[in-house]
Each structure stands twice: as structure tokens, then as C-alpha cells.
1. Got a number for residues in the range 76-114 being closer than 18 Å to Gly54 by Cα and in contact with a Pro (Cβ under 6 Å, 6 or more places away or on another chain)?
2. Just for the range 203-227: of the residues that are in a loop (DSSP other than H, G, I, E, B) and either among the polar types (S, T, N, Q) or over 16 Å from Asp172 (Cα atoms) (or both), which one is most open to solvent (accessible area, probe 1.4 Å)?
3. What are the residues in the range 65-93 that are modelled with pLDDT of 95 or more and over 25 Å from Val178 (Cα atoms), if any?
4. For the range 120-139, check the following and say yes or no: at least one residue is touching a residue at least 60 places away in the same chain (Cβ under 8 Å), assigned to a helix (DSSP H, G or I) and closer than 21 Å to Asp55 by Cα.
5. Give the number of residues within the range 160-173 that are within 16 Å of Ala102 (Cα to Cα) and surrounded by fewer than 24 Cβ atoms within 10 Å (Cβ to Cβ).
6. Kindly indicate the residue of the range 167-185 that is in a loop (DSSP other than H, G, I, E, B) and touching a helix residue (DSSP H, G or I) at 6+ places or on another chain (Cβ under 7 Å) and also modelled with the highest pLDDT among those meeting that condition.
7. Count, please, the residues in the range 115-147 that happen to be open to solvent by less than 40 Å² (accessible area, probe 1.4 Å) and not charged (D, E, K, R).
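The values are calculated or read from the model by the stated rules, or taken from the named source; none is laboratory data. No experiment lies behind these values; they were computed from the predicted model shown. Here Cβ is always computed from backbone atoms with ideal geometry, including for glycine, and neighbour counts include all displayed protein chains. We work out accessible area using only protein heavy atoms, side chains counted, and drop any ligands, DNA or RNA first. Shrake-Rupley method; radii C 1.70, N 1.55, O 1.52, S 1.80 Å.
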Amino acid sequence: MSRVFITGSTDGLGLAAARTLMDEGHEVVLHARSNDRASAVVSLRSRALAVIIGDLSSDAETRSIAEQVNQIGRMDAVIHNAGIYSERSRGNTPEGHPKILAVNTLAPYLLTALIDRPDRLVYLTSGMHQSGGSSIDDIDWKRRAWNTSQAYSESKLHVATIAAAVARHWPDVLSNAVDPGWVPTKMGGAGAPDDLQMGHETQTWLATSDDEDAKINGAYWHHRQQRRPAAEVTDPDYQDRLMDRLAHLTGVRLF
């Protein structure tokens, strides 16, 4: 039995992963953006080890999430599932960042740094990371005209790179990125053609399985198959430059 924390686990892939892990007998810590969102999983509260509340678009609340998790005790695995796809404008989080950057990139970076180190880390990325580009100079979208699709693609390149960088720096931790595909969730839409079951089961498999195929470090996965990520993901120079930029934006150095 493993103890697993899943961000963004009130709906979609995160909720499906939580239910699967609970059915398998694992201890699951759920996460909701707010108390209102937590009401969506009221039927699971009795089965969950805990429900953590906090908005990942806020630096302060993300840090609070890490504190809440650490108070429960060390996790065996953390699944960084939460993410947002489309924002009409750049907008501003309380710290002045675009919400897509804050939720999809800065939050998993901060949580990786602040949550007591688990045995396994799983980061949800997307096939769209392939068009994320390699520019880090304007990661915060202060100079460019806002493009929500490009911002999402960049954020998913970032999170896949975080997964690879963790695998490189922490060889004792199994760290992997998962592309769940275009699946029929609230984010993906009802008409999405990919397999929702495989989308979340790859996460849970990597987080808890004793299968030797699941004990791989630093890979990029789609439906339990390793795929080749964008070149930047496995480039140590790009990893280092991104980590430096994220450390500057958050005030927290991961490595």
C-alpha cells in the first residue's frame, strides 16, 4: 500500500486516478482548489486519507498546500495532475504571473521543492509540449502578445523538463512525465478522441506499481509506452536555464 497525493483531484483525470488508487487499497490525499470544489468529492471523503485545500494559482496557497501535505506525513508518491488550458488574457495572479504559468509550471516546481521528497513523482504534460519552443527569456509573458495556446504548450514543456531534471538530480526518486492524450475531460471536451482509462491509469501505474517496467526514471510516457519528448526536455543546459528562471520567479531553488 502506498500513500499518494494528487493535485487537482476533484474531477477529470485526477479524480479518476484517485478512485483507481483507492479501489486498489492505497491511501490517497486529495486536493481541491477551494472548499466549494471540495464538495465535488464529498462522497470520497470517507475513503480519502485527507483533502487538502489550496489554489495553485497563488504562491502563498501553494506553499500552504505543501505544508498541509507535510503535516500528514511523507508521501510515497506525488502526482502533479492539476492544470489549466485556456485563459482569454494573460491576467495576473497575486504575484503578477499568468495563471497558466502559475498553475501548470510554478506550482509543480514549488511543490516538488517544498513537499518532503517522495519515492516517485509523476508530472502530467501534453503532446502540445512539442510546440512549446525553447525561449525562457519571456516565460512570464510580459513582452509578448498573449497567446493562450502557446502559453499552454510552453507550460507543458516546462513541466516535462522539471520531471527530467528531477530524474537527473535525484536519481533515488522515480520521476516521469505523462502525456495522457486528448481525453474527454472538462479540459479536453466531450468529443476528445483519446482513451480516458489509459490516460489516468498510466499515472497510477507509475506512482504505485511494482512492475519493473514502471520503475523507470526520467521517461516521457503515453499510454504506458515510452515516447520521445521535445529535445529541450532532456537537454541539461535547457534544464539548468529553466530551473534558474523558476528559482528566480519563486524565490525557491530546487537543486
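1. So the answer is 2.
2. The extreme case among them is Arg224.
3. Those that are modelled with pLDDT of 95 or more and over 25 Å from Val178 (Cα atoms): Glu67, Gln68, Gln71, Ile72, Gly73, Thr93.
4. No, the range 120-139 contains no residue that is touching a residue at least 60 places away in the same chain (Cβ under 8 Å), assigned to a helix (DSSP H, G or I) and closer than 21 Å to Asp55 by Cα.
5. Qualifying residue count for the region: 0.
6. Selected residue: Val173.
7. Looking only at that region, the number is 15.
Here is a yes/no grid of residues against (1) modelled with pLDDT under 95; (2) farther than 19 Å from Asp11 by Cα:
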position: Met187; (1), (2): yes, no
position: Ala192; (1), (2): yes, no
position: Leu196; (1), (2): yes, no
position: Glu201; (1), (2): yes, no
position: Thr204; (1), (2): no, no
position: Ala207; (1), (2): no, no
position: Asp211; (1), (2): no, yes
position: Lys215; (1), (2): no, yes
position: Trp221; (1), (2): no, yes
